[in-house]
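Dropping the structure in here first, questions after.
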Amino acid sequence: MEKFDHKYGAEQIQVLEGLEAVRKRPGMYIGSVSVRGLHHLVYEIVDNSVDEALAGYCKNIHVKIEPGNIISVEDDGRGIPVAIHPKTKISAAETVYTVLHAGGKFGGDSGYKVSGGLHGVGSSVVNALSQWTEVTIQRDGGIFQMSFERGKTVKSLTKIGDSKKTGTKVRFLADDTIFETLQYEYEVLENRLREMAFLTKGLRITIEDLREETPKKADFCYEGGLISFAEYLNKNKEVINKTPIYIEKQGEVPVEIAIQYTTSYSENIYTFVNNINTIEGGTHLEGFKRAITKVFNDYARSHNILKEKDSNLQGEDIREGITAVVSVKVKEPQFEGQTKTKLGNSEVTGIVQSTVNEALATYLEENPSVAKAILEKCVSASRAREAARKARELVRRKTALESSTLPGKLADCSSKNSEECEIYIVEGDSAGGSAKQGRDRKFQAILPLWGKMLNVEKARADKIYNNDKLQPVILAVGAGIGADFDISKIRYGKVIIMADADVDGAHIRTLLLTFFFRYMRPLIENGNVYLAQPPLYKLSKKGMTDIYCYTDEELEKHLAEIGRDGINIQRYKGLGEMNPEQLWETTMDPDRRILVKVKLEDAIKADQIFNILMGDEIAPRREFIEQNAKYVKNLDI
Ligand code: 28F
């Protein structure tokens with residue numbers, strides 16, 4: 001039998017092929033090589049420490065972003081086993097870091113691996129996609145270290161000292177030949193680590209950003225677990241049940257749920273599978289929704305809150321104002337949907353449904369005042385829904401009767417092909433006037449909005465339909481709102497919000513984004529909503545064509561190039577200062593304008609800022625404005 005005389009044995013060749021596959025198609029393993037994929041590397045490593053916490057051994061996880069965007073993650077778990085494997089002659093630890101899917105993540109032992117979907121590809125993927133990776137393990141009385149470069153072992157596991165402690169520390173520098181950027185976003189990592197701490201009761205997770213002079217730091221530990229999570233989500237809202245309802249059941253599919261109602265009208269249900277945020281929902285969410293609708297209706301019937309003649313409360317009535325966190329752990333999760341964040345396991349529906357049916361019914365029997373307060377809100381929600389339905393019928397009839405119910409203020413475009421058409425929702429009549437004159441009327445429609453908009457946070461659907469400020473927007477977009485919204489009916493492929501860069505503009509922008517997020521969410525998900533970016537400055541000089549600057553940096557760059565003498569710098573305070581020609585060439589001409597496409601994250605942030613600015617709690621509002629006071633001239637979302 002031919003003897004392998006070169007230094008790679010059969011396993012090493014398989015290892016190299018595995019890691020090469022990862023480097024060739026990283027998107028297959030971490031979703032993308034954008035900053036989101038970069039953040040996945042951190043989640044991968046932290047997930048391993050969280051697994052160790054779920055197994056009951058790790059109490060602390062410290063994450064650091066070091067200068068140069070080097071990531072360090074350290075836990076005080078048992079430490080990855082260092083024993084040399086008799087067959088492969090290399091340590092378990094080195095195997096975990098060099099062999100694809102070697103970390104027992106797939107069909108692993110009894111513990112629930114937090115990973116699944118894009119997560120859980122294992123530490124070897126992080127190794128393959130990093131310029132270097134260094135692993136330091138403390139266990140069995142020693143300190144052991146190994147290091148790699150782009151997945152290849154540079155230093156095999158060797159003992160470098162003694163120690164009585166146990167734990168694992170991983171440092172890595174992502175590969176800048178693979179990732180678009182190595183610049184981690186502190187807030188994004190902080191948010192995800194906070195979420196992990198809420199989901200893993202009692203686990204302490206800290207994050208430090210050491211890249212700047214003044215470091216940033218956060219320290220999360222929640223003995224209350226999901227109860228703390230629900231309270232955190234509602235911290236700017238007035239709540240109905242002070243203590244969140246808590247449901248927990250161990251078993252084949254552990255279920256953990258916290259429910260806290262607020263006086264607002266929005267529905268916020270966050271669902272997780274193995275700590276992964278399943279934003280597309282799935283069977284666990286289905287089971288939860290069915291159960292709460294059944295239990296609240298049964299209770300309302302049996303306590304005569306609903307009379308014989310009353311029809312059942314609908315799901316949306318029960319969910320108005322609800323904040324809930326639903327977390328399940330599934331051994332073999334099947335993830336579906338566009339972004340692999342929808343749970344497909346059909347058995348989970350029944351498990352969650354029966355768990356909630358039983359636990360919630362008991363809770364309501366034992367807490368009649370809470371039950372009564374929540375049901376009062378559900379009943380009034382159903383009445384408002386009825387009123388909204390009637391109002392909607394009215395709007396539909398109006399629309400049907402006077403097909404030209406397009407709002408009077410709308411200057412429509414001549415083309416009827418929604419693909420190419422766009423509508424500018426412009427703040428203020430003067431800018432509206434300039435926009436009407438400056439636009440290309442073939443494909444650009446203008447809808448001027450004026451004055452204070454409706455506070456959609458406080459208003460219910462019936463108020464939304466009848467509001468004279470928002471109704472023009474609803475009619476112009478032409479696709480209805482809320483559950484009726486039908487994206488195929490939109491009359492414009494782009495809905496562009498054009499408002500000043502000042503406080504009023506930010507207010508209008510936040511309100512419209514919140515409105516679209518609440519009542520026309522598919523418009524955002526589908527990428528139809530944009531923000532127009534008017535210029536901030538105009539540089540003019542005798543004999544020179546005007547130069548427009550859209551950011552302070554751009555202003556400095558131009559001034560550096562052309563010098564300052566003889567230059568007149570005009571700072572635009574508002575759109576109204578531009579004549580139609582200037583508005584066209586700077587902000588509306590598709591060849592020259594800058595449009596920002598609104599992503600869901602922006603809208604969620606707007607929704608959160610909106611709750612602070614327009615919600616009932618004074619303290620958070622004051623705090624928010626104080627924090628943003630220095631930008632208040634540019635209070636933007
Ligand atoms: C900063 C990153 O990766 N922590 C980890 C452990 C602990 C064990 C383990 C990990 C056994 C062989 C599959 C220890 N003792 N932090 C981490 N801590 N992996 S990763 O075992 C790996 C499995 O390969 C561990 C006893 N059992 C498990």
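The values are calculated or read from the model by the stated rules, or taken from the named source; none is laboratory data. What you see is a predicted model; the values in this text were computed from it and never measured. Methodologically, a virtual Cβ is constructed for each residue, glycine included, from the backbone with ideal geometry; neighbour enumeration extends over all protein chains shown. In case anyone asks, the SASA skips ligands and DNA or RNA and just uses the protein heavy atoms, side chains included. Shrake-Rupley method; radii C 1.70, N 1.55, O 1.52, S 1.80 Å.
Residue-wise, which Karplus ³J(HN,Hα) couplings in Hz belong to region 287-294, taking 6.51 cos²θ - 1.76 cosθ + 1.60, θ = phi - 60°, and x for glycine or proline?
For region 287-294, the Karplus-derived couplings read x, 5, 4, 4, 5, 5, 5, 5 Hz, x marking Gly and Pro.
Note the full-extension length gain between Gln338 and Glu581 as 0.36 nm times their separation in residues minus their Cα-Cα distance, in nm to one decimal.
Stretched out fully, the Gln338 to Glu581 stretch lengthens by 83.2 nm.
In whole angstrom, how far apart do the alpha carbon centroids of region 282-308 and region 128-144 sit?
Here the answer is 52 Å between Cα centres.
With the cut-off at 1.5 for a/c, could you classify the chain from its C-alpha gyration tensor as rounded, prolate or oblate?
Oblate is the answer for the chain, as a/c is 1.5 or above yet b/c matches or exceeds a/b.
Looking at region 282-376, which GluC sites (Glu not before Pro) are DSSP coil and have at most 10 other C-beta atoms within 10 Å of their C-beta?
Listed in order of number, the matching sites are Glu308.
Would you work out which of Gln334, Ser302, Pro590 lies farthest towards the positive end of the dipole of the chain? Charges go on Cβ: Lys and Arg +1, Asp and Glu -1.
Most positive-ward Cα: Ser302.
Pairs to check: Lys294/Lys329; Lys409/Lys494; Lys24/Lys152; Lys59/Lys340. Give those whose C-alpha atoms are more than 21 Å from each other in this structure.
Lys294/Lys329; Lys59/Lys340
Ok, one more. For the chain, with all protein chains present and a 1.4 Å probe, just round the carbon and sulfur fraction of the accessible area to a whole percent.
The C+S portion of the solvent-accessible surface of the chain is 52 percent.
Using a 1.4 angstrom probe, figure out how much accessible area the chain has per residue, in square angstrom, rounded to the nearest whole.
46 Å²
Taking R0 as 60 Å, what's the FRET efficiency between Lys307 and Lys217 from their Cβ-Cβ distance, rounded to 0.05?
Step by step, r from the Cβ atoms, then E = 0.60.
For region 510-552, taking Cα atoms only, what is the radius of gyration to one decimal and the Dmax to the nearest whole Å?
17.1, 51
Here's a follow-up. Report the dimensions of region 293-431 along its three principal axes from the alpha-carbon atoms, largest first, rounded to Å.
60, 45, 29
Also: Output the 0 to 90 degree angle, nearest 10, between the alpha-carbon long axis of helix 35-54 and the longest principal axis computed from the alpha carbons of the chain.
50 degrees
Same structure, new question: Label points 7 Å out from Cα along the Cβ direction at Lys469 and Lys541: separation in nm?
According to this spin-label approximation, the distance is 4.3 nm.
While we're here: With a cap of 13 neighbouring Cβ atoms within 10 Å, and only residues DSSP puts in a loop, list the GluC sites (Glu not before Pro) found in region 232-285.
Passing sites in region 232-285 are Glu238, Glu252.
Using unit Cβ charges (K, R positive; D, E negative) and no other charged atoms, how large, in debye to the nearest 20, is the dipole of region 182-241 about its Cα centre?
220 debye
Give the angle, between 0 and 90 degrees and rounded to the nearest 10, that separates the Cα long axis of helix 186-199 from the longest principal axis of the Cα atoms of the chain.
70 degrees
Have a look at Gly563, Ile474, Ile84 and report the one farthest towards the positive end of the charge dipole of the chain, computed about the Cα centre with Cβ charges (Lys/Arg +1, Asp/Glu -1).
Final value for the positive-end residue is Ile474.
Can I ask one more? Say R0 is 30 Å: what FRET efficiency, to the nearest 0.05, do Gln183 and Tyr550 get from their beta-carbon distance?
0.90
In the calculated pair distance distribution of region 186-252, what percentage of Cα-Cα distances lie above 16 Å?
56 percent
Express in nm, to one decimal, how much length is gained between Gln608 and Glu358 on full extension, taking 0.36 nm for each residue of separation and deducting their alpha carbon distance.
Taking Gln608 through Glu358 to full extension adds about 86.7 nm, to one decimal.
For Ala174, list long-range residues whose amide hydrogen, built 1.01 Å from N in the peptide plane, is under 5 Å from its own amide hydrogen.
For Ala174, whose amide H was placed from the backbone, the distant partners under 5 Å are Ile71, Gln131.
Hey, what does the equivalent ellipsoid look like for region 470-615, semi-axes from the Cα gyration tensor as sqrt of 5 times each eigenvalue, largest first, whole Å?
35, 16, 12
Okay, moving on. Tell me, in nm to one decimal, what length is gained between Asp429 and Arg564 on full extension, where the rule is 0.36 nm per residue of separation less the Cα-Cα distance?
45.1 nm
Can you give the direction-averaged projected area of the convex hull of the alpha-carbon atoms in region 12-96, in nm²?
Orientation-averaged projected area of the Cα hull: 7.2 nm².
Same structure, new question: With angles folded into 0 to 90 degrees, how steeply does helix 552-562 sit against the dominant principal axis of the chain? Use alpha carbons for both and round to 10.
Value to nearest ten degrees: 80.
Here's something else I'd like to know. Kindly state, to the nearest 0.05, the FRET efficiency for Lys573 paired with Met28, given R0 = 35 Å and r defined as their beta-carbon distance.
After rounding to 0.05, the efficiency reads 0.10.
Let me spell out the model: positive unit charges on the Cβ of Lys and Arg, negative unit charges on the Cβ of Asp and Glu, origin at the Cα centre of the chain. What dipole size does that give, in debye rounded to 20?
Around 840 debye, computed over the chain.
In nm, to one decimal, how far is the modelled label at Lys155 from the one at Asn277, with both set 7 Å along Cα→Cβ?
Each label point lies 7 Å from its Cα, and together they span 3.7 nm.
Please work out the Cα center distance from region 10-39 to region 217-257, rounded to the nearest Å.
What the calculation gives is 36 Å, centre to centre.
If you don't mind, there's one more thing I want to ask. Suppose every Lys and Arg Cβ carries +1 and every Asp and Glu Cβ carries -1, with no other charges. What dipole size does region 241-325 come out with about its Cα centre, to the nearest 20 debye?
In total the dipole reaches around 240 debye.
Another question about this same structure. Along the positive direction of the dipole of the chain (beta-carbon charges: Lys, Arg +1; Asp, Glu -1; about the Cα centre), which of Thr545, Tyr265, Leu313 reaches farthest?
Leu313
Put a dot 7 Å past each Cα toward the Cβ at Glu11 and Asn526; how far apart are the dots in nm?
5.4 nm
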